[in-house]
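Each remark here refers to the structure printed beneath this line.
The values are calculated or read from the model by the stated rules, or taken from the named source; none is laboratory data. Quick caveat: nothing in here was measured; it's all calculated off a predicted structure. Reconstructed Cβ throughout: ideal geometry from the backbone, glycine too, with neighbour counts over all protein chains shown. Quick note on the areas: whole protein, heavy atoms, side chains included, nothing else; ligands and nucleic acids left out. Shrake-Rupley method; radii C 1.70, N 1.55, O 1.52, S 1.80 Å.
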Amino acid sequence: MPNLPDPVDLAVPAFVLLVLAEMVVARLKDRSRYCPRDTLTSLMLGFGSTIAGVLAGGAIFALAVWVHQFRLFDIGYAWYWFVVAFVIDDLAYYAFHRSAHRVRWFWASHVIHHSSQHYNLSTALRQTWTGFFSVSFLFRLPLFLIGFPPAMVFFVAGVNLVYQFWIHTEVIGRMPRWFEAVMNTPSHHRVHHATNPRYLDKNYAGVFIIWDRMFGTYEPERDDERPRYGIVHNLPDFNLIRAAFHEWWGIAKDVWTAPNWHARLGYMFAPPGWSHDGSRDTSETIKARWAAREDLRRQASAHADDGAGPVPYPATHTVHSMGGRVGERAGTV
């Protein structure tokens, strides 16, 4: 077994230099792109994630080695197997990432990465402390069963993570069309981090945006709708412990007060925002309400073009979602 390096460790100096360079650009062009306290929170969450990864890394690698003994094929370390492993691992990442937005148990770990209301390279470092607890590593177990050596899988996973660093920026607009068609880019990933109803639960790709195009979760960034970043219910402060554990605490409270076991399981494994009495919004209900308003707007525009006068809009109301805010107002053009 070759002694493969950790790509993330090798990339750390480049991460630091690129964050500093982006800070300089932001200071010259748009200081709102960086908030010192938000950036510090991202850096501290990244540091804590590194420590958590070191503590859990041995157990995860031991599990990978144990699963690998039941492999279907013996795959060696030829260069082309690294390429194949990289592509399959990226598909596994897509499956994990999509689940991390649709299953609250996984979301409780992943929400940390989305909790910043800013979108810059420091946001890429805002990583979970509880990935081992949420068992997100399960999504890579099929690669070991196929026969890819654990060292190879963890190496290509590191390369995947390094790639995703540079797409967390607003400094870069669009890449060439051919690149945007195949690869994940800053434009695609800005959509993923947005809370606009149009953009919710879209663009889960790690490296290859083709997975989203194939599985119906792709949404292009629009010039007429700038992404709004954060989570639907934004955190009230920069408290590090709150950022790392707030969703786990929310799950614990909901499970404790749930009326039955069906509700308890729902609060753990249903989509974020699910409630046993339907009193909260999920991303699906937020998008459905937004789609209904868009239909009304289109009808109003068509009537105006025909000279028939405007279509009456429903009463104005504020949408509250997942216990938080969306801030959209129905009937407003």
Restricting the stretch 278-305 to residues that are open to solvent by 40 Å² or more (accessible area, probe 1.4 Å) and of a type in the set (S, T, Y), which is nearest to the chain's Cα centre (by Cα)? T285
Filter the stretch 11-29 for residues that are surrounded by 12 or more Cβ atoms within 10 Å (Cβ to Cβ), aliphatic (A, V, I, L, M) and within 21 Å of T50 (Cα to Cα) and give the result. A11, V12, A14, V16, L18, V19
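Would you mind stating whether D212 is out of contact with any helix residue (DSSP H, G or I) (no Cβ under 7 Å at 6 or more places or on another chain) and in a loop (DSSP other than H, G, I, E, B)?
It is false that D212 is out of contact with any helix residue (DSSP H, G or I) (no Cβ under 7 Å at 6 or more places or on another chain) and in a loop (DSSP other than H, G, I, E, B).
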Within the stretch 24-39, track down each residue that is in contact (Cβ under 8 Å) with a residue 60 or more places away in the chain and among the aliphatic types (A, V, I, L, M). V25, A26
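Condition check ((1) assigned to a helix (DSSP H, G or I); (2) charged (D, E, K, R); (3) modelled with pLDDT under 95; (4) over 22 Å from A244 (Cα atoms)) across all residues:
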{"residue": "P5", "(1), (2), (3), (4)": "no, no, yes, yes"}
{"residue": "V8", "(1), (2), (3), (4)": "yes, no, yes, no"}
{"residue": "M23", "(1), (2), (3), (4)": "yes, no, yes, yes"}
{"residue": "A26", "(1), (2), (3), (4)": "yes, no, yes, yes"}
Counted residues, the stretch 136-145 - those being open to solvent by less than 60 Å² (accessible area, probe 1.4 Å) and over 19 Å from G206 (Cα atoms): 1
In the stretch 179-200, which residues are closer than 22 Å to M214 by Cβ and either surrounded by fewer than 18 Cβ atoms within 10 Å (Cβ to Cβ) or among the β-branched types (V, I, T) (or both)? F179, E180, A181, V182, M183, T185, V191, R198
Any residue in the stretch 98-115 that is free of Cβ contacts under 8 Å to residues at least 40 places away in the same chain and under 17 Å from K202 (Cβ atoms) sitting within a Cβ distance under 8 Å of a residue that is β-branched (V, I, T) and open to solvent by 20 Å² or more (accessible area, probe 1.4 Å)? List the pairs, counting only those 6 or more apart or interchain. H110/T128; H113/T128
Of all the residues that make up the stretch 156-178, how many are over 18 Å from D224 (Cβ atoms) and either open to solvent by 40 Å² or more (accessible area, probe 1.4 Å) or at pLDDT below 95 (or both)? 11
Kindly list the number of the only condition in (1) more than 30 Å from S275 (Cα to Cα); (2) more than 13 Å from the chain's Cα centre (by Cα) that fails for F139. (1)
Quick test for you: out of R213, R174, R190, pick the one residue that is in contact (Cβ under 8 Å) with a residue 60 or more places away in the chain and of a type in the set (K, R). R190
For the stretch 219-277, name all the residues that are aromatic (F, W, Y), open to solvent by 40 Å² or more (accessible area, probe 1.4 Å), touching a residue at least 60 places away in the same chain (Cβ under 8 Å) and not in a loop (DSSP other than H, G, I, E, B). F245, F269
T130 is checked against (1) assigned to a loop (DSSP other than H, G, I, E, B); (2) among the β-branched types (V, I, T); (3) open to solvent by 20 Å² or more (accessible area, probe 1.4 Å) and fails just one. What number does that condition carry? (3)
For the stretch 126-134, indicate whether the set of residues that are closer than 27 Å to A21 by Cβ and over 12 Å from the mean Cα position of the chain (by Cα) is non-empty. no
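Is it true that F73 is in contact (Cβ under 8 Å) with a residue 40 or more places away in the chain and touching a Gly at 6+ places or on another chain (Cβ under 6 Å)?
So F73 passes the test.
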What are the residues in the stretch 143-184 that are under 22 Å from Y34 (Cα atoms) and either assigned to a loop (DSSP other than H, G, I, E, B) or of a type in the set (D, E, K, R) (or both), if any? W166, I167, H168, T169, E170, V171, I172, G173, R174
Top-ranked residue of the stretch 185-203 - restricted to ones that are touching a strand residue (DSSP E or B) at 6+ places or on another chain (Cβ under 9 Å), part of a loop (DSSP other than H, G, I, E, B) and of a type outside the set (D, E, K, R), ranked as farthest from A288 (Cα to Cα): T195
Can G58 be described as of a type outside the set (V, I, T) and within 24 Å of the chain's Cα centre (by Cα)? no
